[in-house]
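Notes follow the structure.
The values are calculated or read from the model by the stated rules, or taken from the named source; none is laboratory data. These numbers were taken from a predicted model, which means no experiment stands behind them. Glycine also receives a Cβ, built like all others from the backbone with ideal geometry; neighbour counts cover every protein chain displayed.
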Amino acid sequence: SLKGKTAVITGSTSGIGLGIAEELARAGADLVLNSFTDKDEDHALAKELAQKHGVAVRYIQADMSKGDECRKLIEKAGSCDILVNNAGIQHVAAIEEFPVDSWDRIIAINLNSTFHTTAAALPLMRKAGWGRVINIASAHGLTASPYKGAYVAAKHGQVGFTKVTALECAGQGITANAICPGYVLTPMVESQIPDQMKKHNMDRETVIKKVMLDRQPSGDFATVEQIGGIAVFLASNAGAQITGTTISVDGGWTAL
Ligand code: NAD
């Protein structure tokens, strides 16, 4: 059980982050939820998860595109036994047309935030003599697709940084690993479907099967519950000697 542990999950009001939060809470962990908004529904979500799982849940607003806010998130959390770097965004464009501000934003949120939160969390983990850093990278942290330059660069960088974190923490009860999902049907993926329908002149089902899941030999999306289950496994004692590595949850994508 993860009772008595506090998990901080960045970008956890929807999609994979929320799925991971749910599974960690089910395993007994207290939670700090995060996003860049400060809406009533953000705080309501925290209350809902607390009631559902009988754990303490706080919502802390912090914009993961800003280094100082990443560090403040950990400071405000006060304790951080399990750090899940999940916040991420996507933009699809050819290199010559890639908007510079989109490039900078993707590198900031998908890569730099992991550096800032980790730097702030490691002293807390070292003090506790126990810690888990779980970075949500991607199949695109291990392989590439055209038109996803910033995302692929950020995710490869995040995988590299995961290995460095593992080495700097080895022998201290702290592990660092990256989960590399293929396609998971979340708002992020949902938002790419209309563009792909237009681009390929296909209907929704065909885009899902022929464009998206074409890379995923299993022919199925992974679910947020499954990604959450891997996070619980990494946080468990079974994961104590798993460090500096990646776990692919991609239906065979990276085996191709
Ligand atoms: P999502 O859009 O559903 O969720 C992203 C979350 O990040 C949201 O809660 C959003 O509020 C938050 N976020 C965005 N910008 C933020 C900011 N500036 N500060 C704080 N929070 C911010 O996306 P998702 O599909 O659940 O993606 C979660 C992570 O998983 C991302 O890092 C993504 O790259 C990765 N991933 C997703 C897939 C997939 O198929 N969905 C595959 C591989 C990896």
Odd one out for T206 among (1) in a helix (DSSP H, G or I); (2) more than 16 Å from the ligand (Cβ to nearest atom); (3) within 30 Å of K5 (Cβ to Cβ); (4) among the polar types (S, T, N, Q): (3)
Residue check for P217: more than 30 Å from C169 (Cα to Cα) and in contact with a Leu (Cβ under 7 Å, 6 or more places away or on another chain): yes
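Go over the candidates G244, G252 one by one and state the one that is within 15 Å of the ligand (Cβ to nearest atom) and either more than 16 Å from T186 (Cα to Cα) or assigned by TED's automatic domain parsing to the domain that holds K155 (or both).
On the way: G244 fails: within 15 Å of the ligand (Cβ to nearest atom).
The unique qualifying residue is G252.
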Qualifying residue in the range 113-128 (condition: at pLDDT 95 or above and either at positive phi or not assigned by TED's automatic domain parsing to the domain that holds N237 (or both)): no
Top-ranked residue of the range 212-231 - restricted to ones that are within 11 Å of the ligand (Cβ to nearest atom) and part of a loop (DSSP other than H, G, I, E, B), ranked as farthest from V84 (Cα to Cα): Q216
The range 66-78 - residue that is within 19 Å of the chain's Cα centre (by Cα) and more than 10 Å from the ligand (Cβ to nearest atom) and, of those, farthest from A144 (Cα to Cα): A77
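If you take the residues in the range 232-253 that are among the hydrophobic types (A, V, I, L, M, F, W, C) and in a loop (DSSP other than H, G, I, E, B), which one is farthest from L31 (Cα to Cα)?
Going residue by residue through the range 232-253, those that are among the hydrophobic types (A, V, I, L, M, F, W, C) are 232-235, 238, 240, 242, 247, 249, 253.
Subset that is in a loop (DSSP other than H, G, I, E, B): 240, 242.
Numbers: A240: 21, I242: 23 Å.
The residue in question is I242.
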Residue in the range 21-40 that is surrounded by 16 or more Cβ atoms within 10 Å (Cβ to Cβ), assigned by TED's automatic domain parsing to the domain that holds G149, of a type in the set (V, I, T) and not in a loop (DSSP other than H, G, I, E, B) present: yes
In the range 138-186, the residues that are within 8 Å of the ligand (Cβ to nearest atom), of a type in the set (G, A, S) and not in a helix (DSSP H, G or I): S138, G182
Test: residue in the range 100-115 that is surrounded by 17 or more Cβ atoms within 10 Å (Cβ to Cβ) and part of a strand (DSSP E or B): no
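Matching residues to (1) of a type in the set (S, T, N, Q); (2) surrounded by fewer than 19 Cβ atoms within 10 Å (Cβ to Cβ); (3) within 24 Å of T13 (Cα to Cα):
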position	(1), (2), (3)
A166	no, no, no
T186	yes, no, yes
K199	no, yes, no
M202	no, yes, no
K210	no, yes, no
S218	yes, yes, no
Q226	yes, yes, yes
G229	no, yes, yes
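Which ones in the range 41-63 are within 16 Å of the ligand (Cβ to nearest atom) and either closer than 13 Å to A29 by Cβ or exposed (fewer than 14 other Cβ atoms within 10 Å of the Cβ) (or both)? Write out each step before concluding.
As a first pass, look at the range 41-63 and keep what is within 16 Å of the ligand (Cβ to nearest atom): 41-46, 48-49, 57-63.
Of everything in the range 41-63, those that are within 16 Å of the ligand (Cβ to nearest atom) and either closer than 13 Å to A29 by Cβ or exposed (fewer than 14 other Cβ atoms within 10 Å of the Cβ) (or both) turn out to be E41, A44, E48, L49, V57, R58.
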Qualifying residue in the range 29-38 (condition: touching a residue at least 40 places away in the same chain (Cβ under 8 Å) and closer than 21 Å to Q226 by Cβ): yes
